1. So His265 passes all but one of these: (1) of a type outside the set (Ser, Thr, Tyr); (2) at pLDDT below 90; (3) crowded, with 16+ Cβ neighbours inside 10 Å. Which condition number does it fail?
2. Take Ile508 and tell me if it is at pLDDT 95 or above and either in contact with a His (Cβ under 6 Å, 6 or more places away or on another chain) or surrounded by 18 or more Cβ atoms within 10 Å (Cβ to Cβ) (or both).
3. Among what's in region 331-341 and is assigned to a strand (DSSP E or B) and out of contact with any Asp or Glu (no Cβ under 8 Å at 6 or more places or on another chain), pick the residue that is nearest to Leu303 (Cα to Cα).
4. Could you say whether any residue in region 305-321 is hydrophobic (A, V, I, L, M, F, W, C), in contact with a Gly (Cβ under 8 Å, 6 or more places away or on another chain) and not in a loop (DSSP other than H, G, I, E, B)?
5. Ala379: touching a strand residue (DSSP E or B) at 6+ places or on another chain (Cβ under 7 Å), under 22 Å from Thr323 (Cβ atoms) and in a strand (DSSP E or B), yes or no?
6. Considering only residues that are touching a residue at least 24 places away in the same chain (Cβ under 8 Å) and among the acidic types (Asp, Glu), which ones fall in region 452-495?
7. Of these, Ile96, Ile137, which one is over 16 Å from Asn44 (Cα atoms), surrounded by 13 or more Cβ atoms within 10 Å (Cβ to Cβ) and in contact (Cβ under 8 Å) with a residue 40 or more places away in the chain?
8. So is Ser513 small (Gly, Ala, Ser), surrounded by fewer than 17 Cβ atoms within 10 Å (Cβ to Cβ) and more than 30 Å from Ile674 (Cβ to Cβ) or not?
Amino acid sequence: MRLLTLFMAALWALFAQAETNQMSMSDRIVLSGDTLLLPVVLDNESEISAFQCDVFLPQGITVALNEEEDLDVTLNSERATSSHSITARPQNDGCIRLAAYSSQSKKFKGNSGELFYLNLVTDADVEGEMSITLKNIICSTADAEEIAVPDAEALITMAKYIPKNDFILNDTSFLGGTSILLPVGLDNESEISAFQCDICLPEGITLLLNEEEEFDITLNGERTTSSHSPSARLQDNGSIRLAVYSSQSKKFKGNTGELFYLHLHADKEHFGAQQICIQNIICSTADAKTIIVNDVKNSLTILRPVETLTLDQQTAEVVRNETLTLTATVTPQDADNKEITWTSSDETIATVKDGVVTALKVGEAIITATTTDGTNLAATCTVTVKPIVVSALTLDQQTAEVVRNETLTLTATVAPEDADNKEITWTSSDETVATVKDGVVTALKVGEAIITATTTDGTNLTATCTVTVKPIVVSALTLDQQTAEVVRNETLTLTATVAPEDADNKEIVWTSSDETVATVKDGVVTALKVGEAIITATTTDGTNLTATCTVTVKPVLLTSITLNIIELTLEVGETALLTATVAPEEADNKSVVWSSSDETVVTVDQTGLVTYVKEGTATITATAADGSGITATCAVVAKPDGITTITSDNIANITYYSIVGEASDTPHKGLNIIKRAYKDGRVEVSKRIIK
């Protein structure tokens, strides 16, 4: 029982190890004669560093040799290290023993994937399924523990390759009554040097004869040699047997492309779908090996041609930028290809597409319609492209005003915008009033002129604008003074300036806000009365511009004051009356103000009466009350009581008058009126009481 238990444990260990460490190969299909690089995969859970196995190959598959003439088995560098190497040696039983190990006991990288490759060579004559087997697989860990791995097997299916050799006959179509060269191609993998075939043509299609009255079949010189020659014979069944061979057994050049051409003609009476067949094709190699090639057929359509082509117009006119449609008619109606191509003799003048002519430039172009079915029938129409003429002419203004010496620009608009000739001539109905050039109106004189724009493209359309030339008006008015003063009864001249200088009406009207104070005429202001008046200048050209000057009329001031006494002597109790004479006579204020320089000596009232106060001297001043500052003075001497003999050399005569008017050379007792007459003509009167 103990021995049985140990045996079962060993088997279980081996089974468990096989599950976790396994080599495998995939089934493959390979063409006989080809090489096969067969990868061997190792899926391992153990850390394996080396292995050994026997490779059993079937008959017809061998391992190729490398450059060193060794069996070509290589490790996968992504799983092996640089210290790993592999050897392959044939064994007596026909297998090949492989051994791979690491000189440094390095383990293989990873735990799955391709481990090594068998470079196999297959026999070209072997076909069918066969097996490649790996047996006696023993792996080793880095610590030299051996691990048994199950056998691995791959099924290899070897298929024999059949070279592809085909004749090529493409579908085609052509017009009844015409001929074509129909190419026949050969795509070959075998090295073919000759062939024979039967060409079966449908009813209505014939193979033309060449100059030697033989069937017109030509070889493609790019695929045949000079030693190749064709031979064609009519067979009893109506087919044409063609044979092409080389007198020197030269093979055809290349492996694909056109090999020969059939010069075919289609009968006019047979239209529609047909078929050409090349059959009984036998090819031969240079070593006289026979190759059977499949029959080849094509679809051939014989087309009914166009017999006539006409256009609905042979000459036509069209305006630039417009279109014209030409209609092409072909017969017969059942022609297979009624497509038409359209061309223009000058595409700068007119282009054409599908019969629609687009006019681009003034001129002439010939439009041609041509059939596309191979008949090349043509029909033409001579198209004259005419210019686009002006259909409407307008001015941006129908009436306008412009100031003399200024300009006005009129803009003419023509329609349509793309008219070929948009030139305009300009005229004026009165060039003394206004002239015009290129729409620019120059105003010369006040008045009215009609400006006319006229087209020059032959339409003679016109548009007018009535231009009124207005005068140059005053734009600014100024006076040389804005404020002024003038003495009553005097005059002041104000000067008005208008701008611009060339204003047509520079007349000015003058007005006064108070003509009792001042009047004005032509700028001359006359002062009448003390006060203030605003003088206004106003334009008369309709602008009503104004400019003003505030004039202040000042009074006539005194220029002089003359006193009747300029020296006066008073004694106690005396008075004297001073009289002031003023100039000029027309002065507005003739009043004077009287004052004493020392009122403790003498006083003076506003009538000019001087009164003695005490002994001393003083000056009596008469001052103009109008503010002019004009003055006149009288020197006064005040003497004490008593009669004093006057000895002044300046006194010519002294007369004393009593209270009753009695005159005497000597004073009277009581009140005396004393009159002194001076040599210079002055008279002085005073009063004195004599006790």
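The values are calculated or read from the model by the stated rules, or taken from the named source; none is laboratory data. Treat the numbers as computed from the prediction; the structure is a model and nothing was measured. Here the Cβ is made from the backbone with ideal geometry for all residues, glycine too, and neighbour counts use every protein chain on show.
1. All conditions are met except number (2).
2. On the way: at pLDDT 95 or above: yes; either in contact with a His (Cβ under 6 Å, 6 or more places away or on another chain) or surrounded by 18 or more Cβ atoms within 10 Å (Cβ to Cβ) (or both): yes.
Against the criterion (at pLDDT 95 or above and either in contact with a His (Cβ under 6 Å, 6 or more places away or on another chain) or surrounded by 18 or more Cβ atoms within 10 Å (Cβ to Cβ) (or both)), Ile508 qualifies.
3. Step by step, filter region 331-341, then rank; the result is Ile340.
4. Looking for residues that are hydrophobic (A, V, I, L, M, F, W, C), in contact with a Gly (Cβ under 8 Å, 6 or more places away or on another chain) and not in a loop (DSSP other than H, G, I, E, B), one finds none in region 305-321, hence no.
5. Yes.
6. Within region 452-495, the first condition is being touching a residue at least 24 places away in the same chain (Cβ under 8 Å), and the residues that meet it are 452-459, 461-479, 481-495.
Within region 452-495, Asp457, Glu485, Glu490 meet the criteria.
7. Ile96
8. It is true that Ser513 is small (Gly, Ala, Ser), surrounded by fewer than 17 Cβ atoms within 10 Å (Cβ to Cβ) and more than 30 Å from Ile674 (Cβ to Cβ).
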